[in-house]
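Chemist: Dropping a structure here in structure tokens format, bear with me for questions.
The values are calculated or read from the model by the stated rules, or taken from the named source; none is laboratory data. Everything numeric here is computed off the predicted structure, so don't read it as measured data. Here the Cβ positions follow ideal geometry from the backbone for every residue, glycine too, while neighbour counts run over all protein chains shown. Side chains included, ligands, DNA and RNA excluded: accessible areas come from the protein's heavy atoms. Shrake-Rupley method; radii C 1.70, N 1.55, O 1.52, S 1.80 Å.
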Amino acid sequence: MLDADLHAQLTSVFSTLAGDLVLVMAPSGHGDQEALHDLLAGVAATSSRITVVEAGQPSPVPRFTLVRAGAPTGVSFRGVPNGHEFTSLVLAILNADGKGRLPDEGIRARVRALRGPVRLRTFVSLECTNCPDVVQALNLMALLHDDFHHEMWDGALAQDEVGRLGIQGVPAVFAGDQLLHVGKADLAGLLDLLEERLGRVAGSEPTTATVHEVDVAVVGGGPAGAAAAIYSARKGLKVALVAGRIGGQVQDTMGIENLISVPYTEGPKLAADMRQHLVAAGVQVLDNRLVERVDNGERTVLHLKGGETVVAPQVIVATGAKWRELGVPGEKEHIGRGVAFCPHCDGPFYKGRRVAVVGGGNSGVEAAIDLAGICSQVTLFEFGDQLKADAVLQRKLRSLANVTVITNARTTEVVGDGAKVTTLRYEDRPTKTIHGIPLDGVFVQIGLAPNSGFVRDLVEVTKSGEIVVDGRGRTSRPGIYAAGDVTTIPFKQIIISMGDGAKVALAAFEDRIRAA
């Protein structure tokens, strides 16, 4: 059953439910069936609108579906959604009743237009911090689409299926036995993927494209983008913020202890606070969107996936960065099948096995330390002649008996058979000799790559893709500004990005006044 505090919280959250919802448990002789019943009964006890029944065909593992007004919603869970997935259950109940943060009509129309039938399942680990975003996004699509079914699978209770499908990373989204996606993703990215794979119903394209005309358009919903949008709106300007998700990389940061005056917060809470501030400031938030291309003339036109456009005389690019890939043969083919980027999420798949970590900075050394507690052998590769991580982390790393550090190593190839990784090849830089180390997994931890691809043909960028800016965030193209981690500013930190976003917004406003 739920503890008293959680019971009280859910009672408040579910107090606005207007419809009747049923959690239908399949009969099962599995040892965790009682745990599932206790969990669902505890949830149902918080609202008279929620009931639990046992019905349907027997299941080898605990399983339940969400029913609304007597009809299946398309949302089901195979396993006991504890841990991070408990939030997925709560949100599914709220969203099924039309409550919670729902996408606007433009995104809903795109979801409804997906060519059905859609039958997806997402394999998760209950300890995975990236999995709930994928589960919740696909659950929401199932609730909006008449012929869309999505089921969360707890990989720990489906080991035979995990082995048969060769799953080595989560979240892993499958249509039948076909892997559609592995790793973190937001609703915008998943919707884009499904439109590409499934297509749209004929005649579903809008007859007229929606055009948003504003004074300032901000692209990116992280700390820099939020600050730029809020500061622009405070000047009395009409502002639109376009983003895949509010918070950006912040959403994936669990503990934040260096935001001055806030001793401790967590990424999801900071992202929620940013959204609240954006709305309060009057910013038009266009989230769950991706920019396909940019036309720059007297005014800049942002063409969004799905047909919408945003037109503004000034645009601030604050799209942040993403995990950098190695860019070597065999890497892309084995992402989710031996190549991973999140040691916390995917580490458990390599328990008792041999893995490599590529990258000797703080993130790489921290990953190696964490994996050493799970894996039989960890080899850390660093391109330079010494590790770059903090000294305290290096001391901890070198104290671990099952960790080997190889410096001056340039990764050249990930070798495998398409289903699993078998070898990592690297060049010893001083001697130029190629070596191979047999292993089962490779965790890439070589920093971040700027999300600047959609404007690289318009503005000057560095070799690594960072947008070149002056001291006020101006790019090489008049009317286009940039802020935060996507730019050449040093030190990629939340607080620096916030300040940079504010600075660039003020600079753009100053340019606007001078040009008037």
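Chemist: Taking the stated definitions as given, is Val52 farther than 19 Å from Leu143 by Cα, under 32 Å from the mean Cα position of the chain (by Cα), of a type in the set (Val, Ile, Thr) and open to solvent by 20 Å² or more (accessible area, probe 1.4 Å)?
Modeler: yes
Chemist: Please go through the stretch 428-443 and pick out each residue that is surrounded by fewer than 17 Cβ atoms within 10 Å (Cβ to Cβ), assigned to a strand (DSSP E or B), touching a residue at least 12 places away in the same chain (Cβ under 8 Å) and of a type outside the set (Val, Ile, Thr).
Modeler: Those that are surrounded by fewer than 17 Cβ atoms within 10 Å (Cβ to Cβ), assigned to a strand (DSSP E or B), touching a residue at least 12 places away in the same chain (Cβ under 8 Å) and of a type outside the set (Val, Ile, Thr): Asp428, Gly436, Pro438.
Chemist: Continuing with the same structure: Within the stretch 299-308, can one find any residue that is touching a Leu at 6+ places or on another chain (Cβ under 6 Å) and either among the polar types (S, T, N, Q) or under 12 Å from Gly247 (Cβ atoms) (or both)?
Modeler: No: the stretch 299-308 contains no residue that is touching a Leu at 6+ places or on another chain (Cβ under 6 Å) and either among the polar types (S, T, N, Q) or under 12 Å from Gly247 (Cβ atoms) (or both).
Chemist: Filter the stretch 413-427 down to the residues that are open to solvent by less than 80 Å² (accessible area, probe 1.4 Å) and in a loop (DSSP other than H, G, I, E, B) and list them by number.
Modeler: Residues satisfying the conditions are Gly418, Ala419.
Chemist: Go through the residues of the stretch 487-495 one by one and say whether even a single one is among the charged types (D, E, K, R), closer than 25 Å to Ile246 by Cβ, assigned to a loop (DSSP other than H, G, I, E, B) and under 27 Å from the mean Cα position of the chain (by Cα).
Modeler: The answer is yes; a qualifying residue exists.
Chemist: Report, by residue number, each residue of the stretch 143-166 that is over 12 Å from Arg121 (Cβ atoms), part of a helix (DSSP H, G or I) and either small (Gly, Ala, Ser) or in contact with a Ser or Thr (Cβ under 8 Å, 6 or more places away or on another chain) (or both).
Modeler: Once the filter is applied, which keeps residues that are over 12 Å from Arg121 (Cβ atoms), part of a helix (DSSP H, G or I) and either small (Gly, Ala, Ser) or in contact with a Ser or Thr (Cβ under 8 Å, 6 or more places away or on another chain) (or both), the stretch 143-166 yields Leu143, Ala156, Gly163.
Chemist: From the list Val219, Val242, Val182, which residue is touching a residue at least 60 places away in the same chain (Cβ under 8 Å), open to solvent by 20 Å² or more (accessible area, probe 1.4 Å) and within 28 Å of Arg112 (Cβ to Cβ)?
Modeler: Values: Val219 fails: open to solvent by 20 Å² or more (accessible area, probe 1.4 Å); Val242 fails: open to solvent by 20 Å² or more (accessible area, probe 1.4 Å).
On inspection, the qualifying residue turns out to be Val182.
The rows are residues; the columns are (1) within 30 Å of Ala312 (Cβ to Cβ); (2) modelled with pLDDT under 90; (3) crowded, with 23+ Cβ neighbours inside 10 Å.
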| site | (1), (2), (3) |
| --- | --- |
| Gly169 | no, yes, yes |
| Gln178 | no, no, no |
| Leu187 | yes, no, no |
| Leu191 | yes, no, yes |
| Arg197 | no, no, no |
| Ser204 | yes, yes, no |
| Glu213 | yes, no, no |
| Ala226 | yes, no, yes |
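Chemist: Now for a different question. Given the conditions (1) open to solvent by 20 Å² or more (accessible area, probe 1.4 Å); (2) under 29 Å from Cys342 (Cα atoms); (3) not in a strand (DSSP E or B), report the number of the one that Ala109 does not fulfil.
Modeler: All conditions pass for Ala109, except number (2).
Chemist: If you go through the stretch 280-298, how many residues are of a type in the set (Gly, Ala, Ser) and in contact (Cβ under 8 Å) with a residue 12 or more places away in the chain?
Modeler: 2
Chemist: Let me ask you something else. Among the listed residues Gly484, Gly416, identify the single one that is over 28 Å from Leu290 (Cβ atoms), in contact with a helix residue (DSSP H, G or I) (Cβ under 8 Å, 6 or more places away or on another chain) and not basic (Lys, Arg). Walk me through how you get there before you give the answer.
Modeler: Working: Gly484 fails: over 28 Å from Leu290 (Cβ atoms).
Step by step, each of Gly484, Gly416 is checked, and only Gly416 is over 28 Å from Leu290 (Cβ atoms), in contact with a helix residue (DSSP H, G or I) (Cβ under 8 Å, 6 or more places away or on another chain) and not basic (Lys, Arg).
Chemist: Which condition number in (1) in a helix (DSSP H, G or I); (2) without any contact (Cβ under 8 Å) to a residue 40 or more places away in the chain; (3) of a type outside the set (S, T, N, Q); (4) open to solvent by 30 Å² or more (accessible area, probe 1.4 Å) is the one that Ile374 fails?
Modeler: For Ile374, the failing item is (1).
Chemist: Any idea how many residues of the stretch 69-95 are open to solvent by 10 Å² or more (accessible area, probe 1.4 Å) and either touching a Lys or Arg at 6+ places or on another chain (Cβ under 7 Å) or assigned to a helix (DSSP H, G or I) (or both)?
Modeler: Residues meeting the conditions: 9.
Chemist: Restricting the search to the stretch 299-331, which residues are touching a residue at least 12 places away in the same chain (Cβ under 8 Å), surrounded by fewer than 16 Cβ atoms within 10 Å (Cβ to Cβ) and within 30 Å of Arg410 (Cα to Cα)?
Modeler: Scanning the stretch 299-331 gives Lys322, Glu325, Pro329.
Chemist: Any residue in the stretch 480-493 that's surrounded by fewer than 17 Cβ atoms within 10 Å (Cβ to Cβ): show its pairings with residues that are modelled with pLDDT under 95 at Cβ separation under 8 Å, as long as the two are six or more apart or on different chains.
Modeler: Taking only residues 6 or more apart or on different chains, the pairs are Gln493/Asn258.
Chemist: Just the residues that are crowded, with 24+ Cβ neighbours inside 10 Å and part of a strand (DSSP E or B), please, taken from the stretch 332-344.
Modeler: Val339, Ala340
Chemist: Could you tell me whether Arg410 is open to solvent by 20 Å² or more (accessible area, probe 1.4 Å), closer than 24 Å to Val365 by Cβ, of a type outside the set (Asp, Glu) and touching a residue at least 12 places away in the same chain (Cβ under 8 Å)?
Modeler: Against the criterion (open to solvent by 20 Å² or more (accessible area, probe 1.4 Å), closer than 24 Å to Val365 by Cβ, of a type outside the set (Asp, Glu) and touching a residue at least 12 places away in the same chain (Cβ under 8 Å)), Arg410 qualifies.
Chemist: Would it be correct to say that Gly247 is open to solvent by less than 20 Å² (accessible area, probe 1.4 Å) and without any contact (Cβ under 8 Å) to a residue 60 or more places away in the chain?
Modeler: yes
Chemist: Checking Leu270 against (1) part of a helix (DSSP H, G or I); (2) more than 15 Å from Tyr481 (Cβ to Cβ); (3) open to solvent by 30 Å² or more (accessible area, probe 1.4 Å), only one condition comes out false. Which one?
Modeler: (3)
Chemist: Quick one: would you say Leu140 is open to solvent by 10 Å² or more (accessible area, probe 1.4 Å), in a loop (DSSP other than H, G, I, E, B), closer than 27 Å to Arg200 by Cα and among the aliphatic types (A, V, I, L, M)?
Modeler: Considered against the rule, which asks whether it is open to solvent by 10 Å² or more (accessible area, probe 1.4 Å), in a loop (DSSP other than H, G, I, E, B), closer than 27 Å to Arg200 by Cα and among the aliphatic types (A, V, I, L, M), Leu140 comes out as no.
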